[in-house]
Amino acid sequence: MVIVLGGGLSGLSAGYYLLKRFGKPAAIFESSNRLGGWIRTENHQDKGFIFELGPRTIRPRGAAGANTLEMIEDLHLPTESIRSTHIAAKNRMIYAKGELCLLPNNLGGIFATRPPFSKPLYTALFHDLQASSKKIKYGDESIYSFVKRRFGSELADYAISPMICGICAGDAKEISVRFLMNDLFETEQQYGGVVKGFFLSKLKGRKEVRDGHINSPGIFVENMPSLYQRAVKERWSMYRLIDGLETLPKALETYLRSRNIEINLSSECTKILFGDDGVRLKIRDTMVLAEHVISSIPSYRLAACVKDQHPGLAGQLLAIPYVNVAVVNLQYCADNLLQQRGFGFLVPPVERRPILGVIFDSCCFEMGENTVLTVMMGGKWFEEYFGQNPTKKDLLDIALKEVEDILGICQEPRFSRVHILEKCIPQYNVGHKQVVEGIRRYIEHYKLSLSVCGAAYDGVGINDVIMSARTNVENLSFS
């Protein structure tokens, strides 16, 4: 039997793909009393709104995006899309220099000078053309350093840094360029510049990705999932599930249980021992035997399980840091409180504000006669701004003050929720790719019956963790 550790989205997806590929019996063990990991929806449909305590939307981009839509289609889940012309897709803002600044949303926008930038964004291309090439030692650098070198400090401070805050709650000065811009980095290293490399690669006949289409069909050689084809045709920018994103792990649970996949809650694994006769796992003081283990649990938890027998592997797993994020959901009984409508705004770290950004949920999707906001706080700077043990009231008060200062909303929300997500997002710091390669190389070298999938290794997004599960399952072979 294959055992999957972790009942978050990646673990449930691993169970789903094990069933699809092998039809083998499997068991999932989750340490908490619920499934879904950081995906959690609080439903207030009777009042016309929902709170998402974690991720809320999915982007239909590339092979990984197509893969997620294939799963959603197979599970018969209804979706609601935001097309590229929707205000939430077009209007994305940052808060900088005391005001909300709308980022360019079309080609013409890069030729105008808009705050917080001191000159048109197209001039960053000339910066790249004039910048000297530099071979980076060990083949990695921070995404901030890369963008500053190639495109200038303004773009690094006011575009890339807040974007990293929104994606992984991290510091762009520490996050690896390979996390988000691996292709651009490789192009620069090969050709001596990004713009130069783009045109030279075109001359050599390289295929490029355009409009969300897949550069290489990969797993979809024969035909693309029909829901993905629809998303491309209708130009979806993003989408959600009708009753909230937690619908997806709940649907996976139903799918798996109906096919006799064993799912165990409140079942933490505390030790893993590898031997010639298989893998033994200590779960709730009982030893469980497995043919193979797929771990989707955080890398630091897996490290604690293997440290006695494989301290070297544990050390590598512990090299992946995590950050805490506070999520504050707010609902106001009026739908006209936002002076500027859009997806929301992010705050560059250079602004020294105690929030990462605010999502305008009620602008993205229908929320009745409500204004619904989600304030994201902390991340890399959690302890710096809030100390080691902030109370939920402290965090709520800070969030409300920021909403008042930036958005001018003075009234008290009717409903609010505060959740502190401890060690929720792994940080892909400089050298992360080598760390992950080292972990998988160790597993292969010692022929351990172990696969690792999920956010710590293959990307932090919804599409990433699902694809990570699929890839790891497809790499297995059983006699």
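Could you sort 184-196, 97-109 so that the peptide with the highest average Cβ count within 10 Å comes first and the rest follow in order?
Details: 184-196: 18.0, 97-109: 13.1.
Highest-to-lowest ranking by the protection proxy: 184-196, 97-109.
Going by average Cβ neighbours within 10 Å, how do the peptides 159-165, 366-372, 282-288 rank, with the highest at the top?
Working: 159-165: 23.9, 366-372: 18.1, 282-288: 12.9.
The densest-packed peptide leads the list: 159-165, 366-372, 282-288.
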Of K250/K447; K137/K282; K137/K380; K148/K423, those spanning more than 32 Å from alpha-carbon to alpha-carbon = K250/K447; K137/K282
query = Restricting the count to DSSP beta bridges whose residues both fall in the chain, what percent are antiparallel, rounded to a multiple of 5?
reply = 75
query = Where a Cα-Cα gap under 18 Å defines reach, which aspartates and glutamates qualify for K135, not counting those fewer than 8 residues away within the same chain?
reply = D183, E186, E188
remark   = For V194, the net charge from surrounding residues (Cβ-Cβ under 9 Å; K, R +1; D, E -1) works out to 0
note = Between S295 and residues 5 or more places away or on another chain, the pairs with built amide H atoms under 5 Å apart involve L5, S451, V452, C453
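Using the Kirkwood radius over C-alpha pairs as Rh, can you work out the diffusion coefficient of the range 373-479 via Stokes-Einstein at 10 °C, viscosity 1.306 mPa s, in µm² per second?
Details: Rh = 17.4 Å.
Result for D is 91 µm²/s.
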request  = Can you spot the aspartates and glutamates whose alpha carbon is less than 17 Å from K20's alpha carbon? Ignore those fewer than 8 places along the same chain.
outcome  = E70, E73, D74, E253, E262, E474
inquiry  = Over the Cα atoms of the range 1-56, each weighted equally, I'd like the Debye log10 I(q)/I(0) at q = 0.19, 0.22, 0.25 Å⁻¹, rounded to two decimals.
reply    = -0.71, -0.81, -0.92
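Any idea what the dipole of the range 322-426 comes to, in debye rounded to 20, about its Cα centre with Lys/Arg Cβ at +1 and Asp/Glu Cβ at -1?
Details: 10 positive and 14 negative charges, 46 e Å.
Roughly 220 debye, rounded to the nearest 20.
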message = Using all alpha carbons of the chain, what is the percent of pairwise distances in each 20 Å bin, ordered from the shortest bin to the longest?
response = 22, 57, 21, 0
note = the chain accessible area per residue, 1.4 Å probe, protein heavy atoms, integer Å², reads 46
remark   = If every Lys and Arg gets +1 and every Asp and Glu gets -1 at its Cβ, then about the Cα centre the range 262-347 yields a dipole, in debye to the nearest 20, of 280
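Quick one: with all protein chains in place, what share of the accessible area of the chain is carbon or sulfur, to the nearest percent (1.4 Å probe)? List each step's numbers first, then the result.
On the way: 10860 of 22080 Å².
Whole-percent figure for carbon plus sulfur exposure: 49.
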remark   = Cα-based Rg and Dmax for the range 322-426, in Å, come out at 13.4, 38
task = Might you report the magnitude of the Cβ-based charge dipole of the range 35-155 about its Cα centre, with Lys and Arg at +1 and Asp and Glu at -1, to the nearest 20 debye?
result = 760
ask   = Rounded to the nearest 500 deg cm²/dmol, what is the calculated helix-only ellipticity per residue at 222 nm for the chain, with -39500 (n - 2.57) per DSSP H run of length n ≥ 4?
value = -10000 deg cm²/dmol
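The values are calculated or read from the model by the stated rules, or taken from the named source; none is laboratory data. These numbers come from a predicted model, not from an experiment. Glycine gets a Cβ as well: all are built from the backbone with ideal geometry, and neighbour counts include every protein chain shown. Heads up: the accessible areas ignore ligands, DNA and RNA and are worked out on the full protein's heavy atoms, side chains in. Shrake-Rupley method; radii C 1.70, N 1.55, O 1.52, S 1.80 Å.
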